[in-house]
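Taken together, the values in this text are just the output of simple stated rules run on the coordinates, not laboratory data. On a predicted model such as this, the values are computed, not experimentally measured, just so you know. In this analysis, Cβ positions are derived from the backbone assuming ideal geometry, glycine residues included, and neighbour counts consider all displayed protein chains.
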Amino acid sequence: MNKEDFGFLFEFRVRYSEIDGQGVVFNAHYLTYFDVAITEYFRDMGFDYVAYPKETGCDFHLVKSLVNYEKPLLFDTEFQVGCRIAKVGNSSLTFELGVYDKKSDERYATGEIIWVNTDQQSHKTERVPDNIREMIDLYQH
């Protein structure tokens, strides 16, 4: 997956508090970067997922997170995280993510996040609503 494959990119800079004793970004921070990129992706799309549970009684739950580390991210590096929804399943959203140098196509990592739409009372999966499907389709195409 290449940087130009993403219609949405969010910018970061590696902070000192994110590096480990080896001087590289500690691995768990990549999931934080992914979470922020997904939040900003939805904000840019116009979807208010804070209001979504209040309005529907459903919410999305993380069921899978995967990070493929390719090159170390170092302190003060400016980078971007690309985010897109690769698949809308019956009850799930599959996000593809990529971590790239801000000024080049150099890739540091890729990832996959899967969310499942769940009724908050019964804890059973629910179909992703049509309005969300349409919003994603319009935003990505």
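Before moving on, here are some points about what is shown:
- Asn68 over 13 Å from the mean Cα position of the chain (by Cα) and loosely packed, with under 12 Cβ neighbours inside 10 Å: no
- Test: residue in region 82-91 that is assigned to a loop (DSSP other than H, G, I, E, B), free of Cβ contacts under 8 Å to residues at least 12 places away in the same chain and either among the polar types (S, T, N, Q) or surrounded by 13 or more Cβ atoms within 10 Å (Cβ to Cβ) (or both): no
- For region 22-51, the set of residues classified as in contact with a strand residue (DSSP E or B) (Cβ under 7 Å, 6 or more places away or on another chain), assigned to a helix (DSSP H, G or I) and over 17 Å from Thr110 (Cα atoms) consists of Glu40 only.
- Filter result for the condition that a residue is without any contact (Cβ under 8 Å) to a residue 40 or more places away in the chain and either of a type in the set (Gly, Ala, Ser) or touching a strand residue (DSSP E or B) at 6+ places or on another chain (Cβ under 8 Å) (or both), over Glu106, Glu78, Glu70: Glu106
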